[in-house]
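The values are calculated or read from the model by the stated rules, or taken from the named source; none is laboratory data. All figures in this text were calculated on a predicted structure; none of them were measured in a lab. With ideal geometry, Cβ positions are generated from the backbone for all residues, glycine too; neighbour counts draw on all protein chains shown. The area values use the complete protein model at the heavy-atom level, side chains included, leaving out ligands, DNA and RNA. Shrake-Rupley method; radii C 1.70, N 1.55, O 1.52, S 1.80 Å.
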Amino acid sequence: MKIGTTSVYVDDQEKALRFYTEVLGFQKKADFSNGTFRWLTLVSPEQPDGVELQLGSNANPAGKAYQEALFQQKQPALRLYVDDVQREVERLKAKGATFDMPPTKVTGSTIATLQDTCGNLVQLVSLEARRG
């Protein structure tokens, strides 16, 4: 058994697609529509056959409530592992990303949190145990 897809709710799928591809660097994997429903997934270019990230519309009231509750509590909707948080923060700031938390050392890792422009916080994580 393995994880195939995970989801994050967004308030605008097209805007989210631009942010996640142009700023974060993900690649579009699937984009299908059926009426007002749109199935939109992305993958990391480092793992094109890996876990897909679905950018789900928060038009679903339960999804919107979940998304807003996480944001209000300053909880990230998504965590992304990177080799060097400071380097990623500098790269993403140059592309216009807004950070709510600068690189911060915590037990066993360094983290930083940015806004995805679509109602979510995204946390960058560099685990000390993963460093070679």
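Can you give the calculated 222 nm mean residue ellipticity of the chain, where each DSSP H run of n ≥ 4 adds -39,500 (n - 2.57) and the sum is split over every residue, rounded to the nearest 500 deg cm²/dmol?
On the way: 3 runs with 28 residues, N = 132.
It lands at -6000 deg cm²/dmol.
What FRET efficiency would be calculated for the residue pair Thr21, Arg87, taking the C-beta separation as r and a Förster radius of 30 Å, to the nearest 0.05? Can you show the working numbers first?
Numbers: r = 20 Å, r/R0 = 0.66.
Once rounded, the FRET efficiency stands at 0.90.
Work out, step by step, the length gained on full extension between Glu128 and Thr5: first 0.36 nm times the residue separation, then minus their alpha carbon distance; give nm to one decimal.
The Glu128-Thr5 span can extend by a further 41.7 nm.
Give, in nm to one decimal, the length gained when the segment between Glu14 and Gln47 is fully stretched (0.36 nm per residue of separation minus the Cα-Cα distance).
Going from the current span to full extension adds 9.6 nm.
Connecting C-alpha atoms closer than 10 Å in a GNM of the chain, tell me which of Val51, Val106, Val85 has the biggest fluctuation.
Val106
May I have the count of lysine pairs in region 1-94 with C-alpha atoms under 25 Å apart, counting pairs 8 or more residues apart or located on different chains?
Summing the qualifying lysine pairs gives 12.
If each residue of separation counts as 0.36 nm, what is the full-extension length gain between Thr107 and Asn34 once their alpha-carbon separation is subtracted?
So the chain would gain 21.8 nm between Thr107 and Asn34.
Per-residue counts of other Cβ atoms within 10 Å, averaged by peptide: what ranking do you get for 57-67, 119-129, highest first?
Working: 57-67: 14.5, 119-129: 17.9.
With the highest mean Cβ count within 10 Å placed first, the list reads 119-129, 57-67.
Of the residues Leu114, Leu80, Leu24, which exhibits the maximal mean-square fluctuation in a Gaussian network model of the chain defined by a 10 Å Cα contact cut-off?
In this elastic network of the chain, the residue with the biggest mean-square fluctuation among Leu114, Leu80, Leu24 is Leu80.
Take Tyr9, Tyr81 and sort them by solvent-accessible surface of the protein heavy atoms, 1.4 Å probe, largest at the top.
Working: Tyr9 75, Tyr81 130 Å².
Largest accessible area first, the residues go Tyr81, Tyr9.
Based on the Cβ-Cβ distance of Gln73 and Lys95, what FRET efficiency does E = 1/(1 + (r/R0)^6) give at R0 = 30 Å, to the nearest 0.05? Intermediate values should be presented prior to the final figure.
Details: r = 27 Å, r/R0 = 0.89.
Here the calculated transfer efficiency is 0.65.
Please work out which option in (i) 15.5, 55; (ii) 15.8, 50; (iii) 14.8, 48 gives Rg and Dmax of the Cα atoms in Å calculated from these coordinates, and answer with its label.
(iii)
If you roll a 1.4 Å probe over the chain with all protein chains in place, what percent of the accessible area is carbon or sulfur? Could the numbers behind the result be given before it?
On the way: 4020 of 8100 Å².
Within the chain, the accessible surface is 50 percent carbon and sulfur.
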